[in-house]
Amino acid sequence: MTIQLNNIQFYGYHGLYKEEQKVGNNFIVNLSIEFVPVNHKITSISETIDYVQVYHLVNARMQITTPLLETIVGDIADSIFEKFSMAQKVNIQITKEKVYINTLNGNMSVALSRTRAAL
């Protein structure tokens, strides 16, 4: 089974360059968590991964200004594995909407796929 958070938007000051830290940027987070439910039929929130708790983890981490998105995706994956013992695989992508390169018309993303076995 997979729980997904799609196109979650945050505003923050993440970035290596002074302009990014001064002006800020929009960030879009896409996240999926694969897990094997204990019971075939899920009837209680305790038998699944609560996406509200996942959102709060992501939101808290996105509030901490960090130079590299690579650090943030790793921290979020680690937090999910720590909080949810049934989580087996985390896929996370963070997209920075504006890139401060004059000749680049687009955005950039950092993505991470990590399995519990890889910890």
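The values are calculated or read from the model by the stated rules, or taken from the named source; none is laboratory data. In this text, all values refer to a predicted model and were calculated from it rather than measured experimentally. All Cβ positions, glycine included, derive from the backbone under ideal geometry; neighbour counts span all protein chains shown.
Residue by residue through region 55-102, note down the ones that are among the acidic types (Asp, Glu), modelled with pLDDT of 95 or more and either in contact with a Leu (Cβ under 7 Å, 6 or more places away or on another chain) or surrounded by 13 or more Cβ atoms within 10 Å (Cβ to Cβ) (or both). Residues satisfying the conditions are 70, 75, 78. Return yes or no: is residue 19 without any contact (Cβ under 8 Å) to a residue 60 or more places away in the chain and either surrounded by fewer than 14 Cβ atoms within 10 Å (Cβ to Cβ) or not hydroxyl-bearing (Ser, Thr, Tyr) (or both)? No. Counted as qualifying within region 18-104 are the helices (runs of 4 or more DSSP H) with 2 or more residues that are under 13 Å from the mean Cα position of the chain (by Cα) and farther than 19 Å from residue 1 by Cβ, namely 51-62, 69-83.
Would you confirm, using the coordinates I've provided, whether residue 48 is surrounded by fewer than 19 Cβ atoms within 10 Å (Cβ to Cβ) and either in contact with a helix residue (DSSP H, G or I) (Cβ under 7 Å, 6 or more places away or on another chain) or free of Cβ contacts under 8 Å to residues at least 24 places away in the same chain (or both)?
No, not satisfied.
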